[in-house]
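Nothing in this text is a laboratory measurement; each read-out follows from the coordinates by a stated rule. Being a predicted model, the structure only gives us computed values, none of them experimental. Quick reminder, even Gly has a Cβ in these numbers, built from the backbone with ideal geometry, and neighbours come from all protein chains shown.
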């Protein structure tokens, strides 16, 4: 996979706050044109997406958070004789830090 392979997608999320605890759900979906060929085998990635829960702690102006959920990706294989496409499902997890730029952003 090369760094110049194209990918397009969208992200949406809803957060709620109770005192300093922030919680919510986030999702993303996209399509990747990433591909790799070697020794007559070509592997391509297609649709991908995830649905995650998120929880954070508001320390104004920053918020550390944790996120975890389910993820999936379409994988296409071609060996010159057969084509096969499978949708693989797994998990995703992460941590981050958000920062408030202004009162409105």
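List of remarks:
- Length added when fully stretched, residue 87-residue 26, from 0.36 nm per residue minus Cα-Cα: 19.9 nm
- Those residues of the range 9-31 whose amide nitrogen sits under 16 Å from the label point placed on residue 55, 7 Å along Cα→Cβ: 15-26
- Residue 35-residue 10 FRET efficiency (beta carbon distance; Förster radius 25 Å; 0.05 resolution): 0.70
- Relative contact order for the range 7-99: 23 percent, from Cα pairs under 8 Å spaced at least 6 residues apart, divided by residue count.
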